[in-house]
Amino acid sequence: MPFLDEDDAVALVPHKAEWQAEYAELAATLRSLELAPLGIIEHVGSTSIPDLVAKDVIDVQIRITELDAELVIGRFTLAGFRHRPEPWNNLEATRLGVYPKLAFAPPIGARHANVHVRAQSSPGAHDTLLFRDYLRAEEEPRRHWGDLKQSIVQGKFVDLATYGQAKQAAWAELMAGADQWALEHEWRPRPLVAWSTL
């Protein structure tokens, strides 16, 4: 659920060139948290995919070797970020079962964003990157996904929960195509690196 300074109504906008720079600024802040010896910070979600409509909210994924919830929450909190407490933001239903994750909102007044922290081994981490790279590479699935998103919100108020649920069946179908694409292109997530080199 959104915090009081966040909008619960879903509004989609065309892709904005400035989203990449805004991600980079946020990533620089996240690097200072030094969450683990090994990790990687990546721009994910619809704002990371050119030519795709999106909510004007930057999504970031941080992958680390193991998810130490106490350490991660503590460092985010000290930096002013807010831990999202909902069960689905802490135990994620993936295609291979339920896995721990953490999600954070930025400090009040900062640029709207979602920061997702997952263990490298989480299927959610894998699928988040595969979704992004598949839609970056393939025009037809990207266009279909954009059309679906617009059809959900067209001419009506839609809250975040309803919006997410309305996409689930189509997401599962899209990811079946993404799995095949990954096999054909020998796709793999980028490996983790020493945090000091991020």
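Please say if segment 27-68 is rounded, prolate or oblate, where rounded means a/c under 1.5 for a ≥ b ≥ c the square roots of the C-alpha gyration tensor eigenvalues, and otherwise the choice is prolate for a/b larger than b/c and oblate otherwise?
Because a/c hits 1.5 or more and a/b exceeds b/c, segment 27-68 counts as prolate.
So how strong a dipole does segment 35-121 carry about its Cα centre when Lys and Arg Cβ are +1 and Asp and Glu Cβ are -1, to the nearest 20 debye?
100 debye
Taking the Cβ of Gly124 as the center, what net charge do the other residues with Cβ under 12 Å away carry, scoring Lys and Arg +1 and Asp and Glu -1?
Numbers: positive: Arg63, Arg95, Lys101, Arg118; negative: Glu92, Asp127.
In short, +2.
Would you mind counting up the charge near Arg111? Only other residues with Cβ under 11 Å from its Cβ, with Lys and Arg at +1 and Asp and Glu at -1.
Around Arg111, the charge tally is -4.
Taking 8 Å as the Cα distance limit and 6 or more residues as the minimum spacing, I'd like the relative contact order of segment 1-111 as a percentage.
Numbers: 137 pairs, mean separation 25.2, N = 111.
Reported relative contact order: 23 percent.
Taking Lys156 as the anchor, which lysines have their alpha carbon closer than 18 Å to its alpha carbon, excluding any fewer than eight residues away along the same chain?
Lys55, Lys167
Let me know the shape class of segment 1-110, please: from the alpha-carbon gyration tensor, a ≥ b ≥ c as square roots of the eigenvalues, rounded when a/c is under 1.5, otherwise prolate if a/b is greater than b/c, or oblate.
Rounded, because the longest to shortest axis ratio a/c is under 1.5.
Scan around Asp59 for amide H atoms under 5 Å from its own, H built in the peptide plane at 1.01 Å from N, and keep only partners 5 or more places away or cross-chain.
Val44, Thr47, Asn114
Between Asp7 and Ala28, 0.36 nm times their residue separation minus their Cα-Cα distance comes to what?
Values: separation 21, 0.36 × 21 = 7.56 nm, distance 2.51 nm.
Net length gain for the segment: 5.1 nm.
Within the chain, which whole H helices from DSSP have a Cα span along their axis of at least 15 Å and a mean Kyte-Doolittle hydropathy of -1.0 or more, if any?
18-31, 123-137, 160-185
Quick one: accessible surface of His126, probe radius 1.4 Å, all protein chains present, in square angstrom to the nearest 10.
We get 70 Å² for His126.
Quick query: amide H of Arg111 versus all other amide H atoms, modeled in the peptide plane; which residues come in under 5 Å with a sequence gap of 5 or more or a different chain?
Hits under the 5 Å cutoff: none.
Any chance you could check the Cα centroid distance between segment 1-63 and segment 149-195 for me, in angstrom?
Distance between centres, Cα-based: 15 Å.
Report the antiparallel proportion of the DSSP beta bridges in the chain as a percent, rounded to a multiple of 5. Write down the numbers at each step before the final one.
Working: 20 of 27 bridges.
Among the beta bridges of the chain, antiparallel pairing accounts for roughly 75 percent.
What ³J(HN,Hα) values, in whole Hz, does the Karplus curve 6.51 cos²θ - 1.76 cosθ + 1.60 give for segment 38-53 when θ = phi - 60°, with x put for Gly and Pro?
10, x, 7, 10, 9, 6, 10, x, 5, 5, 8, 10, x, 6, 10, 5
With contacts defined as alpha carbon pairs under 8 Å and 6 or more residues apart, what's the relative contact order of the chain in percent?
Value for the chain: 25 percent.
Which Cα, out of Ile49, Gly74, Leu130, lies furthest along the positive dipole direction of the chain (beta carbon charges, K/R +1, D/E -1)?
Gly74
So who's got an amide H within less than 5 Å of the one on Leu38, skipping anything under 5 residues away but keeping other chains? H placed 1.01 Å off N, in plane.
Residues meeting the criterion, in which the H sits 1.01 Å from N, are Thr65, Trp195.
Can you bin segment 1-45 into rounded, prolate or oblate? Criterion: square roots of the alpha carbon gyration tensor eigenvalues sorted a ≥ b ≥ c, rounded for a/c under 1.5, prolate for a/b above b/c, oblate for the rest.
oblate
Take the Cβ-Cβ distance between Ala194 and Glu18 as r, set R0 to 25 Å, and report the resulting FRET efficiency rounded to the nearest 0.05.
0.25
Give me P(r) over segment 94-198, computed from all C-alpha to C-alpha distances, binned every 10 Å, as integer percentages.
11, 34, 40, 14, 1
For segment 123-198, which trypsin sites (Lys or Arg not before Pro) are both in a DSSP coil and crowded by at most 11 other Cβ atoms within 10 Å?
Those that pass, being in a loop and sparsely packed, are Lys156.
Could you work out the helix-only [θ] at 222 nm for the chain, with each DSSP H run of four or more residues adding -39,500 (n - 2.57) and the total divided by the number of residues, to the nearest 500 deg cm²/dmol?
-13500 deg cm²/dmol
The values are calculated or read from the model by the stated rules, or taken from the named source; none is laboratory data. Being a predicted model, the structure only gives us computed values, none of them experimental. Heads up, the Cβs are rebuilt from the backbone with ideal geometry, glycines too, and the neighbour counts pull from every protein chain shown. Each accessible area value is taken on the protein alone, full model and side chains, heavy atoms only, with ligands, DNA and RNA left out. Shrake-Rupley method; radii C 1.70, N 1.55, O 1.52, S 1.80 Å.
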